[in-house]
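The values are calculated or read from the model by the stated rules, or taken from the named source; none is laboratory data. Quick caveat: nothing in here was measured; it's all calculated off a predicted structure. Quick reminder, even Gly has a Cβ in these numbers, built from the backbone with ideal geometry, and neighbours come from all protein chains shown. The protein model used for the area step is the full one, side chains on, heavy atoms only, and it has no ligands, DNA or RNA in it. Shrake-Rupley method; radii C 1.70, N 1.55, O 1.52, S 1.80 Å.
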Amino acid sequence: LFHNEKEILTGSADRSIKIWDISRNVYRQTVTFRHSSTSNCVDVSSDSLTACSGHMDGGLRFWDVRSGDRSAEIAGIHEGGVTSLQFNPTDNTKLLTNGRDGTLKLSDIRTCSVVQTFSDPNFQTVSNHASSALSPDGVYATAGSGTTGDLFVWRVSDGKLEKKLSAHQAAVCGVAWGRGGTNGQQVASVDKNGVMVLWA
């Protein structure tokens, strides 16, 4: 969803990424991005000028939203494919990705390089659509394990594991971190059995 809340970005198995105008339910054909690898995840920067797509070939592609041209690429950031990505809510130059290689990575899009890697021996990503999330203040990164059902929270500053939370009886496949709860931040996680847990 673009920050103007009038457009959305979608990726498809036909190897295209499209911008949709949802204010009038009309597809905006002026911007279609073509690429050579299936994309499982997309996001748009808070300034709505740059879109990013994560691909099954393990790479990231960056797109100029106005022209539809590819502006940069980070090849092979993950082995086995990128399953989710998110621009840092407080810094458009940083991007969090989750990969089938069982790591989360924070990349700097200015230098096209990884600046932090998050991992744990008990953390595994087993789904092509497993998500990860940054806290609204950009201080923490989180994702759920596809094998243990645990939720892992890492510090962005140094990549150290802050907490491992247990509540799910099945593999965690999705997480979201938003404002809410008693402390102004709340995490939601969902497992493959459809059980959702809210963490405050």
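So here's what we get for this one:
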| read-out | value |
| --- | --- |
| For Arg15, distant residues with modelled amide H under 5 Å away | Ser39 |
| Label-point separation in nm, Ser37 to Asp158, each point 7 Å along Cα→Cβ | 3.3 nm |
| Lys192 accessible area, 1.4 Å probe, all protein chains in place, Å² to nearest 10 | 150 Å² |
| Heavy-atom accessible area ranking, 1.4 Å probe, most first, across Met196, Met56 | Met196, Met56 |
| Correct choice for semi-axes √(5λ) of the Cα gyration tensor in Å that was computed from the model, options (1) 39, 20, 15; (2) 31, 17, 16; (3) 27, 18, 17 | (3) |
| Amide hydrogen neighbours beyond the local backbone of Ser71, cut-off 5 Å, H modeled | Phe62, Trp63, Asp64 |
| Percent accessible area from carbon and sulfur atoms, the chain, protein chains only, probe 1.4 Å | 47 percent |
| His55, His129, ranked by accessible area, largest first (probe 1.4 Å) | His129, His55 |
| Sequence of Asp47, Asp64 when ordered by accessible area, the most exposed leading, probe 1.4 angstrom | Asp47, Asp64 |
| Surface accessible to a 1.4 Å probe, Ile8 within the full protein complex, Å² | 50 Å² |
| Using θ = phi - 60° and Karplus 6.51 cos²θ - 1.76 cosθ + 1.60, couplings along segment 106-118 (whole Hz; Gly, Pro as x) | 10, 10, 9, 6, 6, 9, 6, 9, 7, 10, 7, 10, 10 |
| FRET efficiency, Leu165 to Ser46 (Cβ-Cβ, R0 22 Å, nearest 0.05) | 0.20 |
| Listed residues Ser23, Ser48, Ser131, most fluctuating in the chain (Gaussian network, C-alpha, under 10 Å) | Ser23 |
